[in-house]
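> One structure, pasted below without further comment.
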Amino acid sequence: MKSVVILQIVFFLGGLAVLFLAWRMQRINRACWLPGVSWWAAGYAAIGLAAIGSGADFYYGDWIKGFLTHLLLTGGVVLVWMGTRLFFEGRVGSSTMTISTLLMAGEGLGIFWYYFVVPSYQARLTITCVVLLILSMSLSMNLFLSRMDDRAVIAAGACYSLFALLNGLRTLAILIHPEPFAHYLSGPLAVAATALMFPVLLAAQAATLVMIRDTIRGTRGE
């Protein structure tokens, strides 16, 4: 019961913090428009709602955590990935659009099937983990290859890599030691990895805000 309460607090406060920083991003973007920033704001808003939804399932039903939050989280990361391509390259390539569409369509179909047709939390978790791993590592690579001399960019890339690692550890912990109806409460490793995932994303979001501000200062300096 204590772990449930702690994770609820982490989800709610983490989600609210992510939403606040997303609002800050959009506010800065209205004052000084930069390509990709609105995509970042929308993506992080979806991630923040996913965090709040993961905590709210205790009150509104398992379908929020079992179906909705999976798609909100990965959809948010997709938007952040596209925003990153726009920010650094000025466009979203056809390969990025194709991969994103296929990943979201595949996950959506899998989550729907393993929730409404053949219920299996482990299958849904595995699908989401694989999709997030692909997206997180792609984000890291895009950042690392763009500006290796920029501390904020390196910090954001490192955070996305750490997010992928924590997500993988959480998934393995749940699959190896599943507890019926416990989900991410299946053992201390799953609880710890789950609790750390959103603070890591918050750190990545904070680094992204620094990137935005540094770019604005550089533009004004020119």
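> Working with all protein chains in place, sort I176, I6, I154 by solvent-accessible area computed with a 1.4 Å probe, largest first.
Values: I176 110, I6 85, I154 60 Å².
Solvent-accessible surface, decreasing: I176, I6, I154.
> How large a share of the accessible area of the chain, in percent, is made up of carbon and sulfur atoms when the probe is 1.4 Å and the other protein chains stay in place?
Percent of accessible area from carbon and sulfur atoms in the chain: 71.
> Here's something else I'd like to know. Over the chain, how many percent of alpha carbon pairs lie in each 10 Å bin up to the one with the longest distance?
8, 35, 36, 17, 4, 1
> Go through A190, V210, L135 and say which Cα lies farthest out towards the positive end of the charge dipole of the chain; charges sit on Cβ, +1 for Lys and Arg, -1 for Asp and Glu.
It is V210.
> Using +1 on the beta carbon of Lys and Arg, -1 on that of Asp and Glu, and nothing else charged, what's the dipole of the chain about the Cα centre, debye to 20?
With Lys and Arg at +1 and Asp and Glu at -1, about 480 debye.
> Treating the Cα atoms of the range 97-195 as identical point scatterers in vacuum, please give the log10 of the normalised Debye intensity I(q)/I(0) at q = 0.17, 0.20, 0.22 Å⁻¹, two decimals.
Values, matching the q order: -0.83, -1.00, -1.09.
> Hey, what angle do you get for helix 188-221 against the long axis of the chain, alpha-carbon based, 0 to 90 degrees rounded to 10?
10 degrees
> For the chain, report the accessible area per residue in Å² (1.4 Å probe, heavy atoms, rounded to an integer).
47 Å²
> Another question about this same structure. For the range 8-136, with only Lys/Arg (+1) and Asp/Glu (-1) charged at the beta-carbon, what is the dipole magnitude about the Cα centre, in debye rounded to 20? It would help to have the intermediate numbers written out before the result.
On the way: 7 positive and 4 negative charges, 76 e Å.
Charge dipole of the range 8-136: 360 debye, to the nearest 20.
> Net charge near S100: determine it from the other residues with C-beta under 12 Å of the C-beta of S100, scoring Lys and Arg +1 and Asp and Glu -1.
0
> Can you give me the angle between helix 151-176 and the longest principal axis of the chain, using Cα atoms only, in degrees from 0 to 90, rounded to the nearest 10?
10 degrees
> Calculated from DSSP H runs of 4 or more alone, at -39500 (n - 2.57) each and per residue, what is the 222 nm mean residue ellipticity of the chain, nearest 500?
After summing the helix terms and dividing by residue count, I get -29000 deg cm²/dmol.
> Specify the residue with the greatest mean-square fluctuation among W81, W39, W23, computed from a Gaussian network of the chain linking alpha-carbon atoms under 10 Å apart.
Between W81, W39, W23, it is W23 that shows the largest mean-square fluctuation.
> Something else now. Mind ordering 206-217, 69-80 by average Cβ neighbours within 10 Å, highest first? The partial results should precede the final answer.
Numbers: 206-217: 18.0, 69-80: 23.7.
So the order, starting with the most tightly packed, is 69-80, 206-217.
The values are calculated or read from the model by the stated rules, or taken from the named source; none is laboratory data. Keep in mind that what you see is a predicted model, and the values were worked out from it rather than measured. Using ideal geometry, Cβ is built from the backbone for each residue, glycine included, and neighbour counts are taken over all protein chains shown. Surface areas here come from the heavy atoms of the whole protein model, side chains and all, with no ligands, DNA or RNA. Shrake-Rupley method; radii C 1.70, N 1.55, O 1.52, S 1.80 Å.
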